[in-house]
Amino acid sequence: MVKFGVNIGNLRLQNPILTASGTFGYGSEFAGFLDLNRLGGFCTKGISIKPRAGNPSPRIVETASGMLNSIGLENCGSEHFLNVVMPKIAGYSCAIIVNLYASSSEDFVELAKILSREPRIDAFEMNLSCPNVKEGGSAFGADPKLIEKLTRAVKSATEKPLIVKLSPNVTDIRETALAAEAGGADAVSLINTLIGTAVNREKRTFILGNKIGGLSGPAIKPVALRMVWQVAQAVKIPVIGIGGIMSIEDVLDFLIVGATAVQLGAVNFVNPSAAGECVDALERYLTERGEDIDSLIGSIR
């Protein structure tokens, strides 16, 4: 057996294949397509303190080599999640990572405290693409000083590993990654979606109900791969690669440039078995070469 596991802070993943928040529901929805116990883990859709209805429809539009989404972080809220959703997923042996959504620093801290009561949650992933209502609506992820302060505050509110999910919609993502590291993050995940839009040229209207949305899928992979490589060179904490990962070849590319783990996102809409297939393919790849995961990660020359 090849060495297959990786560490994210004090969380041991049995392999580096995760699924991305917002593309995998709460996890159990995909149980009919793959063995969730084989995954390194899955990230739930973003959870807020209170339920959210999300953005007006249409919410998704297909684009060239990708998709735009404007879901608006619709979710069931922390109380329903703990009382109804967690009992459905707690029995899986893979890591359960809960994505956190809030619109103020105080709410992020309160949410971390509420969810930390659940022992089966293995880690948190903090979504920094949220609008900060107390700072005029700009995203948390655009201000390194705010990222460091927010990360430190949330980290002090929980003993669970904290992953900070970084927005690519910044001038230099290395600065925001370093800020998260300085604030005590156990890892960073990147990239979140690129901001885009689409129009109906016959009606001369925007297609998405919210006008703008997040671009994901194969179209963003080169941007994501470059950013993951840059951040892996800049920080000492693990980097989780996200962005256009559709196959084992994409998984390998992200690991080679320095990602410790990866998240599969948009591909789950196209092939809901993709994450399980990548686990099997990565194991075969390493076994055939007599290599372990540590020699693969960051092996770019």
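Computed from the coordinates by the stated procedures, all read-outs in this text should not be read as laboratory data. All figures in this text were calculated on a predicted structure; none of them were measured in a lab. For neighbour counting, all protein chains shown are included, and Cβ atoms are generated from backbone atoms with ideal geometry for every residue, glycine included.
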> Is the shape of the chain rounded, prolate or oblate, going by the alpha carbon gyration tensor and its root eigenvalues a ≥ b ≥ c, with a/c under 1.5 for rounded and a/b larger than b/c for prolate?
Replying inline: rounded
> Stretch residue 7-residue 88 to full length: gain in nm at 0.36 nm per residue minus the Cα-Cα span?
Replying inline: 26.6 nm
> Given H placed on each backbone N at 1.01 Å, which residues far from residue 8 in sequence or on other chains put an amide H within less than 5 Å of it?
Replying inline: 13
>> Assuming 0.36 nm per residue, please report the length gained on full extension of the stretch residue 113 to residue 288 beyond their Cα-Cα distance.
In response: 58.5 nm
>> Tell me whether segment 141-260 comes out rounded, prolate or oblate; compute the Cα gyration tensor, take square roots of the eigenvalues as a ≥ b ≥ c, and use a/c under 1.5 as the rounded threshold.
In response: oblate
> Helix hunt in the chain: which complete DSSP H runs extend at least 15 Å axially by C-alpha with mean Kyte-Doolittle at least -1.0?
Replying inline: 105-115, 144-156, 221-234, 274-289
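Between their Cα atoms, which of 3/236; 50/211; 145/236; 88/165; 88/149; 45/203 are more than 30 Å away from each other?
Correct reply: 88/149; 45/203.
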> Which whole-angstrom value gives the distance between the alpha carbon centres of segment 225-294 and segment 1-57?
Replying inline: 14
> Of 8, 114, 67, whose Cα points farthest to the positive end of the dipole of segment 1-159 (charges on the beta-carbon: +1 Lys, Arg; -1 Asp, Glu; origin at the Cα centre)?
Replying inline: 8
>> Can you compute the modelled spin-label distance between residue 149 and residue 300, with each label point 7 Å from Cα toward Cβ, in nm?
In response: 3.3
> What ranking, highest mean first, results for peptides 85-95, 266-276 when packing means the other Cβ atoms within 10 Å averaged over each residue?
Replying inline: 266-276, 85-95
> Please state the relative contact order of the chain as a whole percent: Cα pairs under 8 Å, 6+ residues apart?
Replying inline: 21
> If you place +1 on the Cβ of every Lys and Arg and -1 on the Cβ of every Asp and Glu, how big does the dipole about the Cα centre of the chain come out, in debye to the nearest 20?
Replying inline: 620
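Let me have the 222 nm mean residue ellipticity of the chain computed from DSSP H runs of 4+ only, each contributing -39500 (n - 2.57), with the sum over all residues rounded to the nearest 500.
My calculation for the chain gives -8000 deg cm²/dmol from helical runs alone.
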> Can you give the charge dipole size of segment 1-79 about its Cα centre, rounded to the nearest 20 debye, using +1 on the beta carbon of Lys and Arg and -1 on the beta carbon of Asp and Glu?
Replying inline: 240
